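Worksheet: one structure, shown below.
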Amino acid sequence: MALDNELTQIADRATHALERIRANLAGDELIAMLADMVAVSNSTAWHTATTQVIADLTAATGTPPATLNVPVNAHWLDRDRLTEGLSLIMAEAAEADADMRLLRMVTGEPIEAGQRGYQAGLLADGRARGWRRGLESAACQLCTWWWRNGQVWPLEHTMPTHTGCQCVPEPVI
């Protein structure tokens, strides 16, 4: 699964950016910069995922799509939503807890954006008849249960995820 590796790399870059930003900014300036960074990471993950749809379906069918333009869902770019979440983390958490929660947000957001972007790409392309859950290498009990022995789901069914989940949908032609 190439997509899970790509999304992990985006999350890793976000982690490094978080460390640099957190060391140099504080307060509202920190929150604004992190919200921008997460929105950019989300957009990158979404576009990476929709590009992967093109590669995966072209490999599976032998035919590239006529076109595939799937704009990023506004939810993933919503700086007000991101700012509110980051502000809550900073206001309510002790410093060590805040660091952990910030890390979870800046890595989890782009991974989920990529998961959702891939599904949006599959739906927009229309050549797959469904998808099955591609389990991450260290899949948890919940993800294994959601996998349901390779159950094929309709394209319209959103793959369930949880915080920290790195599973990705795999197209079924």
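Observations on the model:
- Yes/no for ARG101 being closer than 26 Å to GLN9 by Cβ, free of Cβ contacts under 8 Å to residues at least 24 places away in the same chain and not small (Gly, Ala, Ser): yes
- Sole exception among (1) touching a residue at least 60 places away in the same chain (Cβ under 8 Å); (2) assigned to a loop (DSSP other than H, G, I, E, B); (3) not hydroxyl-bearing (Ser, Thr, Tyr) for VAL70, by number: (1)
- Across the stretch 114-121, a minimum of one residue is classified as among the aromatic types (Phe, Trp, Tyr), under 20 Å from ARG13 (Cβ atoms) and in contact with a strand residue (DSSP E or B) (Cβ under 7 Å, 6 or more places away or on another chain).
- Flag if PRO65 is in a loop (DSSP other than H, G, I, E, B), of a type outside the set (Val, Ile, Thr) and surrounded by 14 or more Cβ atoms within 10 Å (Cβ to Cβ): yes
- Some residue of the stretch 50-58 being more than 30 Å from VAL172 (Cα to Cα) and either assigned to a helix (DSSP H, G or I) or among the acidic types (Asp, Glu) (or both): no
- All of LEU18, LEU34, LEU57, LEU3 fail the test of being crowded, with 16+ Cβ neighbours inside 10 Å, touching a Pro at 6+ places or on another chain (Cβ under 8 Å) and not β-branched (Val, Ile, Thr), apart from LEU57.
Only the coordinates and a few stated rules stand behind these numbers; no lab work does. Everything quoted here is computed from the prediction, not taken from an experiment. No Cβ is skipped: glycine too gets one built from the backbone with ideal geometry, and neighbour counts run over all protein chains shown.
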